[in-house]
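Student: Pasting in a structure now, in structure tokens, and then I'll have a few things to ask.
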Amino acid sequence: MNYRSDIRNIVIIAHVDHGKTTLVDAMLKQSKVFRDNQAVGELIMDSNALEREKGITIMAKNTAVVYRGVKINIIDTPGHADFSGEVERVISMADGCLLLVDSIEGPMPQTKFVLRHALQRGLKTIVVINKIDRRNSRIAEVIRLIQDLFLELATSTDQLDYHVLYASAKEGIAVTEPGMPGKDISSLFDCILANVPPPRIESGPFQMLVSNLDYDSHKGRIAIGRIWRGKVAPHDTVVRVNADGNMDYHEVAEVFTYLGLKRLKVDQAEVGDIVAVTGIKKVSIGDTIASPAQPSALPRIEIGEPTVEMTFDVNTSPFAGREGRFCTTRQLRERLYKELETNLSLRVQDTDRPDTFLVKGRGEMHLAILIETMRREGYEFAVSKPEAITKVIDGKIVEPVEVLTIDTRDEYIGVLTEMLNKRQAQMIDMRNDGQDNVRLVFRISTQGLLGFRGSFLTSTRGESTMNTLFLGYEPWRGEIVSTRNGVLVASEEGFAVTYGLNNAQGRGLTFIEPGTHVYEGMIVGLNSRPQDIPLNVCKEKKKTNVRASTSDIAIKLTPPLKMSLEQAIDFVNRHELVEVTPKNIRLRKKLLTYSQRARSISAARLSIK
Ligand SMILES: Nc1nc2c(ncn2[C@@H]2O[C@H](COP(=O)(O)OP(=O)(O)OP(=O)(O)O)[C@@H](O)[C@H]2O)c(=O)[nH]1
Ligand SMILES: [Mg+2]
């Protein structure tokens, strides 16, 4: 068997924030893909605006560097569990992986998820213990935990024979022994060259699997993937095999390979390389592009199922159409279906109501990122509370179940266990490090987890972290009763005033500032009791002839509680919606008038009787 010794294909995988994108920075900087005076900044691969704002990777991306004459194609992946579909999508392009593990946190839930995938696909693993510059790093213990993880997940004994490097991605250093002084990341490059197998040269004509798509207004769709056989050049005639096994003919327009942050136009690309090809109309991720001489399809990419769903509705609030550029059913529908081309773990379905679409994703964050992206593009719509997706297996209703790992301090154990009990979680482990740090592990249904993150962060004052790992499906445990209080609902359209809001603050928390334009049925606050109450927040104080006392003039409002999109989605219940426009996020009752809501409650009572 022959190999392309001039190429290595690697994917970088880890739990969220363990330093993948920073390590790619270090690799790019050391291989001098930038001019000496070029300001490149940090987290270069997190190029999308939302990625930069949130400081996380959302989409997997390709880059490449050359080290000692060998081209290393690098795929950076997201570590957040909601974007696991991205890892599943790209992992098949690589022959080896760098498994990054934080030197303090050690292996975390997503470390296990990604390593399991890598080992199942037979990737050669290099473990990189990262952030060794951090003061409290506990390298020896982390190594032991990683060993345990490999013992649990390895599919063959030779997978237990992995190399370990120690790095500070931030300082651009990698060494082969802990404590060794380092000056750059050459040892990492050397280790990749020595241990990641070069691509095998399969004999036969051209064949590639499309793992990613990009768009160009002139060139159209750009198919990105690894060449598994043969060569490809501009003007070649190729066959595209789609999901149904149907074939059509195309002429390749241009062929590109990667180097640094650029795509290089090339005259020809060969087996083993990762390329971008234009000219293949309507190409989709998972399609095979091959020579007409042997147009056999490669196995399609398998992506885990979505676990959470919510509806996307055309905006029907009284303010509909005022703030968005794209507001119609047709525009919303087209945009959602277009997302399926690249967002592989997403599902979109029409419903029996023409203005409502059911959208399914891998978690609340997965859906929230889509909502935020669409709102920035100018779309206006409304979304419902996310719900866990149940299925029927052997005649029984089952629901998704996850493992929840919480790292917190002793003082919060009580409040957290109480909150989680209400959500029907079972504690399966509790470990204390003797210094007030404790790790709690729970088994909890996805339904029970929805909306937990917000109250978790508030009740532990931001001092704890939580992570989840999808376990599988288990018999449905019944509905979890919401513990949220009722809401304060605007009873009239108008502009909120201090006097009206001050009255509202007598009932609970408010969400809006004076001057906010409200409509009947819009949610303006949280009641301190379980019922919803309508209030007129636009009501001015009655003018009297008697001069008001000074205390009346200077009403001091408590600042409103402003919710982010994610918090808003967490907050609403089944009778409410989040209205999303490029300018505002509003909460509303589905039924806007008090009489509609009263009628629906009495109808529900009657149907129970
Ligand atoms: N001290 C220290 N901090 C690091 C190191 N590497 C990364 N970080 C920091 O860790 C944080 C997360 O780094 P990223 O590179 O975004 O992590 P990531 O694994 O790409 O995260 P996701 O893509 O969101 O999963 C950033 O604040 C980095 O500056 C390191 O070696 N030492
Ligand atoms: Mg990243």
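Student: Calculated FRET efficiency, L565 and A233, Cβ-Cβ r, R0 60 Å, to nearest 0.05?
Tutor: According to the calculation, E is roughly 0.85.
Student: What whole-number volume per residue, in cubic angstrom, does the convex hull of the C-alpha atoms of the chain give?
Tutor: In the chain, the Cα convex hull volume per residue is 208 Å³.
Student: Here's another thing I want to ask about it. Measuring from label point to label point, each 7 Å out along Cα→Cβ, what is the D161 to A49 span in nm?
Tutor: 5.1 nm
Student: Pull out a ≥ b ≥ c, the square roots of the eigenvalues of the alpha-carbon gyration tensor of the range 49-199, then state rounded if a/c is under 1.5, prolate if not and a/b is larger than b/c, and oblate in the remaining case.
Tutor: Rounded, because the longest to shortest axis ratio a/c is under 1.5.
Student: Once you place label points 7 Å from the Cα toward the Cβ at Q426 and K541, how far apart are they in nm?
Tutor: With each label point 7 Å from Cα toward Cβ, the separation is 5.9 nm.
Student: What is the Cα centroid distance between the range 510-529 and the range 558-609, reported in whole angstrom?
Tutor: Measuring centre to centre over Cα atoms gives 11 Å.
Student: Once the dipole of the chain is set up with Lys and Arg at +1 and Asp and Glu at -1 on Cβ about the Cα centre, which of T329, A49, P306 lies farthest towards its positive end?
Tutor: Highest projection toward the positive end goes to T329.
Student: Please give the per residue accessible area of the chain, computed with a probe of 1.4 Å over protein heavy atoms only, in Å².
Tutor: Using a 1.4 Å probe on heavy atoms only, each residue of the chain averages 47 Å².
Student: Okay, moving on. Length gain on complete extension for the stretch R68 to S186, per 0.36 nm per residue less the alpha carbon to alpha carbon distance?
Tutor: Working: separation 118, 0.36 × 118 = 42.48 nm, distance 1.02 nm.
In short, 41.5 nm is gained.
Student: Sort out for me the Cα centre separation of the range 348-393 from the range 399-471, rounded to whole Å.
Tutor: Each part's Cα centre sits 26 Å from the other's.
Student: Something else: How far, in nm, would the chain grow between R529 and F326 when pulled straight, counting 0.36 nm per residue and subtracting the alpha carbon separation?
Tutor: Full extension from R529 to F326 adds 69.3 nm.
Student: Beyond 26 Å between alpha-carbons counts as too far, so tell me which of K20/K262; K281/K391; K29/K338 fall in that bin. Display every interim value, and only then the final one.
Tutor: Details: K20/K262 20 Å; K281/K391 36 Å; K29/K338 35 Å.
Violating the 26 Å Cα-Cα cut-off are K281/K391; K29/K338.
Student: Report the FRET efficiency, 1/(1 + (r/R0)^6), for N573 and E377, where r is their Cβ-Cβ distance and R0 is 41 Å, rounded to 0.05. Please list the in-between numbers first.
Tutor: Numbers: r = 28 Å, r/R0 = 0.68.
Working from the Cβ atoms, E equals 0.90.
Student: Pairs K360/K562; K61/K124; K61/K170; K539/K562: which exceed 24 Å Cα-Cα? Walk me through the numbers on the way to the answer.
Tutor: On the way: K360/K562 27 Å; K61/K124 20 Å; K61/K170 20 Å; K539/K562 22 Å.
Going by Cα-Cα distance, K360/K562 fall outside the 24 Å limit.
Student: Express in nm, to one decimal, how much length is gained between E463 and S482 on full extension, taking 0.36 nm for each residue of separation and deducting their alpha carbon distance.
Tutor: 4.3 nm
Student: I'd like the Karplus ³J(HN,Hα) series for the range 587-600: coefficients 6.51, -1.76, 1.60, θ = phi - 60°, whole numbers in Hz, and an x wherever there's a Gly or Pro.
Tutor: Values per residue, Gly and Pro as x: 9, 8, 7, 4, 8, 7, 9, 4, 5, 4, 5, 4, 5, 5 Hz.
Student: Roughly how many Å is it from the Cα centre of the range 122-165 to that of the range 1-64, as a whole number?
Tutor: 21 Å
Student: Once both labels are modelled 7 Å past Cα along the beta-carbon direction, what's the Q596-D214 spacing in nm?
Tutor: In this crude label model, Q596 to D214 measures out at 4.6 nm.
Student: Report in % the part of the accessible area of the range 452-600 that belongs to carbon and sulfur, leaving out ligands and nucleic acids; probe 1.4 Å.
Tutor: The computed percentage sits at 53.
The values are calculated or read from the model by the stated rules, or taken from the named source; none is laboratory data. Everything numeric in this text was worked out from a predicted model, so none of it was measured. Every residue, glycine among them, receives a Cβ derived from its backbone with ideal geometry; neighbour counts consider all protein chains shown. To get the accessible areas, we keep the full protein, side chains included, count just its heavy atoms, and leave off ligands, DNA and RNA. Shrake-Rupley method; radii C 1.70, N 1.55, O 1.52, S 1.80 Å.
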